1. Within the group 50, 64, which residue is among the hydroxyl-bearing types (Ser, Thr, Tyr) and farther than 26 Å from residue 107 by Cα?
2. Checking residue 28 against (1) open to solvent by 10 Å² or more (accessible area, probe 1.4 Å); (2) touching a Phe, Trp or Tyr at 6+ places or on another chain (Cβ under 7 Å), only one condition comes out false. Which one?
3. With the checklist (1) open to solvent by 20 Å² or more (accessible area, probe 1.4 Å); (2) in contact with a helix residue (DSSP H, G or I) (Cβ under 7 Å, 6 or more places away or on another chain); (3) among the aliphatic types (A, V, I, L, M); (4) free of Cβ contacts under 8 Å to residues at least 40 places away in the same chain in hand, flag the one item residue 101 doesn't pass.
4. Only residues that are outside any loop (DSSP other than H, G, I, E, B), surrounded by 15 or more Cβ atoms within 10 Å (Cβ to Cβ) and of a type in the set (Val, Ile, Thr): list them for segment 145-199, please.
5. Going through segment 47-68 one residue at a time, which ones are surrounded by 22 or more Cβ atoms within 10 Å (Cβ to Cβ) and either in a helix (DSSP H, G or I) or charged (D, E, K, R) (or both)?
6. Out of the residues in segment 92-111 that are outside any strand (DSSP E or B) and charged (D, E, K, R), state the one that is nearest to the chain's Cα centre (by Cα).
7. Considering only residues that are part of a helix (DSSP H, G or I) and among the acidic types (Asp, Glu), look in segment 208-245 and name the one that is modelled with the lowest pLDDT.
8. Scan segment 69-91 and tell me whether some residue there is surrounded by 16 or more Cβ atoms within 10 Å (Cβ to Cβ) and assigned to a strand (DSSP E or B).
Amino acid sequence: MGKLQPEKLPRHLAIIMDGNGRWAKERMLRRIVGHRRGVETVRAVVEECSRLGIRYLTLYAFSSENWLRPKTEVRALMALLKRYVKMETSRMMQNNIRFNVIGNRDDLPPDVNREVDAAMARTAGNSGMALTLALSYGGRQEIIRAASLLAADLAAGRVAAEVDETTFDRYLFTAEMPDPDFLIRTSGEMRISNFLLWQLAYTELYFTEVNWPDFNTGELHRALCDYQARERRFGRTSDQLHKGN
């Protein structure tokens with residue numbers, strides 16, 4: 001594993017945190033134990049990304065499809081989420097981290113939304129890394145929502161009829177952040193799972209067999225070194241990049 005180069009770190013890192021259940025099953029433990037252990041990994045990864053100077057970190061914490069899981073698991077996950085947000089707000093303040101949430105928050109329990117609102121309000125003035133949790137989030141649902149909002153504004157004459165990508169971006173949950181440069185998915189699955197479908201158009205992808213509870217800072221550095229070894233061309237040739245065209 002090479003040495004990280006600060007100037008080559010992704011500006012925006014997105015992570016699909018997968019494998020809590022597998023981790024628990026391999027150890028003959030309840031799934032919720034895996035989720036609790038996964039929260040410890042979240043803490044370590046968030047603080048390391050902040051220390052490294054990554055400006056945006058977006059974590060896929062609970063998808064719109066996750067509501068289909070057993071009700072007991074969903075209730076446990078919501079309780080864990082509420083506890084995480086409440087407990088980590090002070091650490092976010094200490095690390096100058098700004099907290100944000102994207103997704104359909106109307107589906108979240110009121111007590112969870114209250115903790116989320118409190119954390120967002122308390123950290124709003126922080127100028128360091130922006131930490132975003134995707135909760136009750138689905139990429140297709142986000143695009144449909146954005147298209148509906150845009151259509152309403154077009155019909156009302158609030159926006160020009162010539163719509164481009166920049167215009168559409170403003171209607172997404174992620175309007176205030178750049179597209180991810182790098183996406184990490186743990187636990188061996190090689191799919192996007194309805195995460196940031198519009199935003200990942202030119203994102204570098206990295207898949208690892210390591211389950212999320214075991215994804216320590218060493219694994220994070222390994223992934224980031226892999227990213228730094230890549231050449232991002234955005235449709236251009238290598239010669240064009242090297243000539244500065």
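The values are calculated or read from the model by the stated rules, or taken from the named source; none is laboratory data. Quick caveat: nothing in here was measured; it's all calculated off a predicted structure. With ideal geometry, Cβ positions are generated from the backbone for all residues, glycine too; neighbour counts draw on all protein chains shown. Surface accessibility is based on the protein's heavy atoms, side chains included, excluding ligands, DNA and RNA. Shrake-Rupley method; radii C 1.70, N 1.55, O 1.52, S 1.80 Å.
1. On the way: 64 fails: farther than 26 Å from residue 107 by Cα.
50 is the lone residue from the list that is among the hydroxyl-bearing types (Ser, Thr, Tyr) and farther than 26 Å from residue 107 by Cα.
2. It is condition (2) that residue 28 fails.
3. Against the list (1) open to solvent by 20 Å² or more (accessible area, probe 1.4 Å); (2) in contact with a helix residue (DSSP H, G or I) (Cβ under 7 Å, 6 or more places away or on another chain); (3) among the aliphatic types (A, V, I, L, M); (4) free of Cβ contacts under 8 Å to residues at least 40 places away in the same chain, residue 101 comes up short only on (1).
4. Of everything in segment 145-199, just one residue is outside any loop (DSSP other than H, G, I, E, B), surrounded by 15 or more Cβ atoms within 10 Å (Cβ to Cβ) and of a type in the set (Val, Ile, Thr), namely 184.
5. Matches in segment 47-68: 49 only.
6. Taking segment 92-111 as the starting set, the residues that turn out to be outside any strand (DSSP E or B) are 92-97, 103-111.
Then keep just the ones that are charged (D, E, K, R); that gives 105-107, 111.
Numbers: 105: 15, 106: 19, 107: 19, 111: 22 Å.
Top of the filtered list is 105.
7. First pass over segment 208-245, keeping only residues part of a helix (DSSP H, G or I): 212-214, 217-228, 238-243.
Adding the requirement that they be among the acidic types (Asp, Glu) leaves 214, 219, 226, 239.
Numbers: 214: 98, 219: 98, 226: 97, 239: 65.
Top of the filtered list is 239.
8. no
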